[in-house]
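Below is one structure, written out as structure tokens, with a few remarks after it.
The values are calculated or read from the model by the stated rules, or taken from the named source; none is laboratory data. Please read these numbers as outputs of a predicted model, since none were measured by experiment. Neighbour counts are summed over all protein chains in view; Cβ atoms, including those assigned to glycine, are modelled from backbone coordinates with ideal geometry. We work out accessible area using only protein heavy atoms, side chains counted, and drop any ligands, DNA or RNA first. Shrake-Rupley method; radii C 1.70, N 1.55, O 1.52, S 1.80 Å.
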Number of protein chains: 2
Amino acid sequence: MKSGISRVCVGLFLTFMPAGSCFAETGPVLPDPLPSWNDGATKQSIVDFVNAVTDKSSPDYVPPRQRIATFDNDGTLWSERPVYFQLFFILDRVNALAPKHPEWKTEQPFKAVLEGDREALAAAGKEGLLKLAAATITGMTSAEFKTIVKDWIRTAKHPLLKRSYTDLVFQPMLELLDYLRANEFKIFIVSGGSIEFMRPWVKEVYGVPAEQVIGSTVSTKFEFRDRTPVLVRLPKIDFINDKAGKPISIHKFIGKRPIAAFGNSDGDLQMLQWTAAGSGKRLMALIHHTDQEREWAYDRKSRIGRLDKALDQAREKGWTVVDMKNDWKVIYPFERQPSRLQPVTK
Amino acid sequence: MKSGISRVCVGLFLTFMPAGSCFAETGPVLPDPLPSWNDGATKQSIVDFVNAVTDKSSPDYVPPRQRIATFDNDGTLWSERPVYFQLFFILDRVNALAPKHPEWKTEQPFKAVLEGDREALAAAGKEGLLKLAAATITGMTSAEFKTIVKDWIRTAKHPLLKRSYTDLVFQPMLELLDYLRANEFKIFIVSGGSIEFMRPWVKEVYGVPAEQVIGSTVSTKFEFRDRTPVLVRLPKIDFINDKAGKPISIHKFIGKRPIAAFGNSDGDLQMLQWTAAGSGKRLMALIHHTDQEREWAYDRKSRIGRLDKALDQAREKGWTVVDMKNDWKVIYPFERQPSRLQPVTK
């Protein structure tokens, strides 16, 4: 665990640790860079990979500029149940905008949303969803949309868990992002969700800057309003960043093949295949939602985040499959034991 | 020239300077970060801008994560005459591929290229050009295309100047890129040319990593060949990164508004308008090709790199206009005086 850990050690040393704690008398004491991960084969596969590609004396060494790691968002970095959080955003927007649209009281699928009629909403299908999206997340300028997203993410609550959506990110994955960054990986989020839905908050929540977010897009139009240039979000899909769309957008936005990729569903399969097809050591990993108690348990039969073909392929190829229930000590950051560094008040 | 220069000084100190040369007895001696730029209003506008946004005590201070600078490529970072260098690439590819296409001997516009018939080539117009492009830069995988570009850029020569194309970059702009990077700017190339035509060589030539290159794209298709996933370049335009396309792609790829933008033609006008429309201090600059002796002189009437409306707007708004003839001591790197650091052999 040489080069990877020692760099983390330096990083921790500078921020948290009392002087000297990295190097005790008996030799270096290595702090665990992934404390929320249980020890075992899964964690070891990650640490072994990072050590191999960062150790200059290793035949698997990869220079920092090629250390690209891609992460799906929904179901990989945060939860995605009972539906993708972006859908809750759209439903919340329908409710927020309803006073200005009296016609929605009688018009489907708006009526279904306003009345909380799940059956009617489900019956409206994909076409209904596109109608809701067009009415709520297009038509405004990109700047206006950013403000809407920022306000929503700051105030909205998950209807079942009664928590902020940004509370529902996975603590072990936050540690993994930090660990990779400490080892000079450049991290990109490659999500099926909308780029502009993620960019306003990913830096704060994941530490990933806006320019390292790839996602689905609507077309935009450059025009002048009050003599000021704006980009207007059009009700027209530009790109769906799912399945084969992921390697396509990775190549378009990054132009380098990732050496590590993390997903959780069949929508991530092609991203993992594309990553695996490069030469040298690679890490392909799937988050398997197996924890009915602490999160959700679902895979092959699920409509949201279906994990079926990708699970078969992972087992066939020996990719890392993260068993949430057994591999993760905690799921969400709020479950953590109070830190020893924080004063205990009771 | 506080924070900017002192950082450059540290950088130079570590790489080039004899110890102590940054700080002489009488106080800090500041090396000129832009030695190929003549002193004057143009250079000063750049230095003043950089100092203002990097000085923490300045009301114009901008934190590093917002220091985004965008650069057009053709005519801004390298020459573009008598035609865009990517067109020479396409013509060279027609000649290289001709032995495999005996039918091209009689088929236009291929016949015109093979016979060097400029009139017939011009007569073929945009449609002819697209036909040439489809035949030469699509159909292969992205990996195959990368190899083709790398081989070409390494061996091809500009037909008039008999120089490698990468010799024909602008020395003052290379210094500007270094200067901005030393001041923690993140630089993106935003070109009308093809992303995949630039990515194989921009790191080596400009120091810009592949993931910070934005350009025009063809559609690609993810498929399996010999059980290996590949991306195949299709003869279908995905996006033309010119004029209003530039702010659209900047917003899509970066998601942050640049605080500095550099172009040279009307194709860059919207990028500069988009940059100018942000709050706080901004730098909008145009390279005006005014040097018939050392490069080319052209603006309002030129078919390649026309600078007409953008020049009017620059003058109206007080944007920086770089007069190549008067503002630049040298144009190309090969014109420089032999460095004092290199041994003089004769």
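With label points defined 7 Å past Cα in the direction of Cβ, position residue A:240 shows copy-to-copy spacings of 2.8 nm, given to one decimal and shortest first. The residues of the range A:193-321 expose on average 40 square angstrom of accessible surface per residue, using a 1.4 Å probe on protein heavy atoms.
With its label point defined 7 Å out from Cα along the Cα-to-Cβ axis, residue A:203 lies at 2.5 nm from the matching points of the other copies, in increasing order. Placing dummy labels 7 Å off each Cα toward the beta-carbon, the span from residue B:57 to residue B:164 is 4.6 nm.
Taking the square roots of five times each eigenvalue of the Cα gyration tensor of the range A:167-229, the equivalent ellipsoid has semi-axes of 30, 12, 11 Å, listed largest first.
On the accessible surface of the protein assembly as shown, probed at 1.4 Å, how many percent belong to carbon and sulfur atoms?
On the way: 17430 of 32790 Å².
In the protein assembly as shown, the share of accessible area belonging to carbon and sulfur is 53 percent.
Rounded to a whole number of µm²/s, how large is the Stokes-Einstein D of the range A:60-218 at 37 °C and 0.692 mPa s, given Rh as the Kirkwood radius over C-alpha pairs?
Numbers: Rh = 17.1 Å.
Value of D from the Cα-based Kirkwood radius: 192 µm²/s.
Projecting 7 Å from Cα along the Cα-to-Cβ direction, the label point of residue B:57 sits 4.9 nm from its equivalents in the other copies, listed shortest first. With a cut-off of 15 Å on the backbone N, the residues of the range B:97-133 near the modelled label site 7 Å out from residue B:144 along Cα-Cβ are B:97-98, B:100-101. Ellipsoid semi-axes for the range A:245-346, based on the Cα gyration tensor and the rule √(5λ), read 30, 19, 13 Å when sorted largest first. From the Kirkwood radius over Cα pairs of the protein assembly as shown, Stokes-Einstein at 4 °C and 1.567 mPa s returns a whole-number translational diffusion coefficient of 46 µm²/s.
With a cut-off of 8 Å between alpha carbons and a minimum separation of six or more residues, what is the relative contact order of chain A in percent?
Details: 544 pairs, mean separation 70.6, N = 346.
Relative contact order here is 20 percent.
With helices as the sole contributors, chain A gives -12000 deg cm²/dmol at 222 nm; each DSSP H run of n ≥ 4 counts as -39500 (n - 2.57), and the sum is divided by every residue.
Overall, the range B:82-186 carries a charge dipole of about 160 debye about its Cα centre when +1 sits on the Cβ of Lys and Arg and -1 on the Cβ of Asp and Glu, all other atoms neutral.
At the nearest 100 Å², what buried accessible area, both sides summed, do you get for A and B when the probe is 1.4 Å? Walk me through the numbers on the way to the answer.
On the way: alone 17840 and 17870 Å², together 32790 Å².
About 2900 Å² of accessible surface is lost on pairing.
Plugging the Kirkwood radius over Cα pairs into Stokes-Einstein for chain B, at a temperature of 20 °C and a viscosity of 1.002 mPa s, what D comes out in µm²/s? Working shown, then result.
Details: Rh = 21.8 Å.
For the chosen part, D equals 98 µm²/s.
Residues of the range A:208-232 that bury at least 20 Å² of accessible area once all protein chains are present, compared with their chain alone (1.4 Å probe, heavy atoms only, ligands and nucleic acids left out), are A:210, A:211, A:220, A:222, A:224, A:229, A:231.
Where nothing but the Cβ of Lys and Arg (+1) and of Asp and Glu (-1) is charged, how large is the charge dipole of the protein assembly as shown around its Cα centre, in debye to the nearest 20? It would help to have the intermediate numbers written out before the result.
Values: 98 positive and 82 negative charges, 33 e Å.
My answer is approximately 160 debye.
Pairs exceeding a 31 Å alpha-carbon distance, out of B:157/B:317; A:186/A:329; B:105/B:246; A:186/A:309; A:126/A:150: B:157/B:317; B:105/B:246.
Annotation for residue A:223 and residue A:130: the two label points, set 7 Å from Cα along the Cα-Cβ direction, are 2.2 nm apart. The residues of the range A:236-255 occluded by other protein chains by 50 Å² or more of accessible area, set against the chain on its own, are A:248, A:251, A:252, A:253; surface from heavy atoms, 1.4 Å probe. Extension gain, residue B:281 to residue B:335: 0.36 nm times the residue separation minus the Cα-Cα distance gives 16.0 nm.
Let me spell out the model: positive unit charges on the Cβ of Lys and Arg, negative unit charges on the Cβ of Asp and Glu, origin at the Cα centre of the range B:171-310. What dipole size does that give, in debye rounded to 20?
Numbers: 22 positive and 17 negative charges, 114 e Å.
With Lys and Arg at +1 and Asp and Glu at -1, about 540 debye.
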